[in-house]
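Everything below concerns the one structure shown next.
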Amino acid sequence: MTIIVTGGAGFIGSNFVYHMLNKYPDYRIVCVDCLTYAGNLSTLEEALKNPNFRFCKINICDREAIYKLFEEEHPDIVVNFAAESHVDRSIENPEIFLDTNIKGTAVMMDACRKYGIKRYHQVSTDEVYGDLPLDRPDLFFTEETPIHTSSPYSSSKAGADLLVQAYHRTYGLPTTISRCSNNYGPYHFPEKLIPLMIANALADKPLPVYGEGLNVRDWLYVEDHCKAIDLIIHKGRVGEVYNIGGHNEMKNIDIVKLICKELGKPESLITHVTDRKGHDMRYAIDPTKIHNELGWLPETKFADGIKKTIKWYLENREWWETIISGEYQNYYEKMYGNR
Ligand code: NAD
Ligand code: TDX
């Protein structure tokens, strides 16, 4: 079995690479990643020692290079994680989101059509459903919830999802789509809420909470997401969408306070800054379908997952300190300097 994992040098993709290499010692895992600011080869240091693993620095929009790779590897399965993933960056500059998230998805699926594939899996997001109101805790996103996006990021992911469904219906491509809630855990890029707050708190820097911090996200430990995708690619029904979520809704402000508590830092570091434009209020996934069909359930409780995550950031300072000392610093100044 050969699996192409795109975006495998990023947060969730790298966790998936390690999950698959550990669980299936006879699988060949080929990582395709062009190493944007969010991709980091050092994350794959251990994987690179494994003879069943190959890393290819390729942009998923590069049709010629992708076709050549398919000719070399004859993959059975493609799992497409590669994406521009940060909502704030999409608000600043949407174009690259359209290129990678939509066009790149089309190129990957065209290669699957041309060379044949057992399964193409698209890693999507709960953000394609838009948001839910705070005063209706009874509402959840199901797979039937209409697509209703808010940001250029979520719109580009929704565009990709629609293309995947079109390729399934029009060309009979054997596709599946998963829409997961917010992930957290090791190798999470420090522009995202949880790792940003951990890094800033450790440096006694202000903790920039957008608006009042009342927005709700449904947090899932990254390993649980990887296990769900593993189940879908092996046992999920072709043509289907599966929602993945932790039933773990939390307000941003409560997450930030919890991180302060765990690190023994004062809540006075919390600084309320200008809200994100078009900021989604609440995400909440109903994971009944994946539970009933594939037996998936989240295994890591948030109280344990956040402790493990903080421990990982304490023990792997070099990984994130290298990132935040580089070009990322310019981005940070631009984003938060005037807020
Ligand atoms: P990330 O930003 O950490 O990683 C993205 C990876 O894709 C990086 O390694 C980057 O170099 C690579 N990449 C970007 N553009 C590329 C291109 N054109 N060609 C090849 N490689 C490219 O993202 P993440 O948080 O790991 O998210 C992975 C996927 O999961 C994305 O599709 C995202 O939409 C989805 N998702 C993320 C979350 C979350 O909470 N992080 C939740 C649900 C879904
Ligand atoms: O500095 C911050 N302050 C703050 O209050 C940052 C970076 C974020 N926030 C808020 C915005 C959101 O309400 O925290 C919440 C989480 O923000 P992000 O970490 O940027 O994640 P989010 O916008 O929810 O999107 C994430 O989950 C869905 C991923 O980045 C997406 O790729 C995924 O699809």
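The values are calculated or read from the model by the stated rules, or taken from the named source; none is laboratory data. Fair warning: this is a prediction, and the values are worked out from it, not measured in the lab. Cβ atoms come from the backbone with ideal geometry, glycine included; neighbour counts cover every protein chain shown.
Miscellaneous remarks
- One residue stands out in segment 136-154 among those that are within 15 Å of ligand 2 (Cβ to nearest atom) and touching a residue at least 60 places away in the same chain (Cβ under 8 Å): the one that is nearest to Ile244 (Cα to Cα), namely Phe141.
- The criterion of being loosely packed, with under 11 Cβ neighbours inside 10 Å, more than 16 Å from ligand 1 (Cβ to nearest atom) and small (Gly, Ala, Ser) does not hold for Gly278.
- Positions within segment 163-207 being near ligand 2 (Cβ under 10 Å from one of its atoms), touching a residue at least 24 places away in the same chain (Cβ under 8 Å) and assigned to a helix (DSSP H, G or I), in sequence order: Leu193, Ile194, Pro195, Met197, Asn200
- Qualifying helices (runs of 4 or more DSSP H) (wholly inside segment 290-339; at least 1 residues being acidic (Asp, Glu) and farther than 15 Å from Leu196 by Cβ): 302-315, 317-325
- Considering segment 208-233, the residues that are touching a Lys or Arg at 6+ places or on another chain (Cβ under 6 Å) and not in a helix (DSSP H, G or I) include one that is nearest to ligand 2 (Cβ to nearest atom), namely Tyr210.
- Restricting segment 71-90 to residues that are assigned to a helix (DSSP H, G or I) and within 15 Å of ligand 1 (Cβ to nearest atom), the residue that is nearest to the chain's Cα centre (by Cα) is Val87.
- Test: residue in segment 235-249 that is under 25 Å from Ser325 (Cα atoms), within 14 Å of ligand 1 (Cβ to nearest atom) and part of a strand (DSSP E or B): no
- When the residues of segment 302-335 are filtered to those that are of a type in the set (Gly, Ala, Ser) and at pLDDT 90 or above, the one that is surrounded by the fewest Cβ atoms within 10 Å (Cβ to Cβ) is Ala303.
- Leu98 meets the conditions (1) outside any loop (DSSP other than H, G, I, E, B); (2) within 26 Å of Glu223 (Cβ to Cβ); (3) over 14 Å from the mean Cα position of the chain (by Cα); (4) not β-branched (Val, Ile, Thr) in every case but one. The failed one is (2).
- Lone qualifier among His272, His279 - being under 27 Å from Ser90 (Cα atoms), modelled with pLDDT of 95 or more, assigned to a strand (DSSP E or B) and not aliphatic (A, V, I, L, M): His272
- Residues being within 16 Å of ligand 1 (Cβ to nearest atom) and surrounded by fewer than 22 Cβ atoms within 10 Å (Cβ to Cβ) - total across segment 197-209: 1
- Gly245 vs. criteria touching a His at 6+ places or on another chain (Cβ under 9 Å) and either within 22 Å of Gly172 (Cα to Cα) or of a type in the set (Gly, Ala, Ser) (or both): no
- Among the residues making up segment 42-57, a single one is crowded, with 19+ Cβ neighbours inside 10 Å and either in a loop (DSSP other than H, G, I, E, B) or of a type in the set (Val, Ile, Thr) (or both): Thr43.
- Restricting attention to segment 247-277, the residues that are of a type in the set (A, V, I, L, M, F, W, C) and within 23 Å of Phe140 (Cα to Cα) total 3.
- Single condition Asp33 does not satisfy, out of (1) within 10 Å of ligand 1 (Cβ to nearest atom); (2) closer than 22 Å to Ile177 by Cα; (3) surrounded by fewer than 19 Cβ atoms within 10 Å (Cβ to Cβ); (4) of a type outside the set (Ser, Thr, Tyr): (3)
- Looking across segment 1-52 at every residue that is within 16 Å of ligand 2 (Cβ to nearest atom) and of a type in the set (A, V, I, L, M), the one that is farthest from Ile232 (Cα to Cα) is identified as Ala38.
- Taken over segment 90-119, the criterion of being within 20 Å of Thr2 (Cα to Cα) and free of Cβ contacts under 8 Å to residues at least 60 places away in the same chain is satisfied by Thr105, Val107, Asp110, Ala111, Lys114, Tyr115, Gly116, Ile117, Lys118.
- Any hit, segment 91-108, residues being more than 12 Å from ligand 1 (Cβ to nearest atom), aliphatic (A, V, I, L, M) and crowded, with 21+ Cβ neighbours inside 10 Å: no
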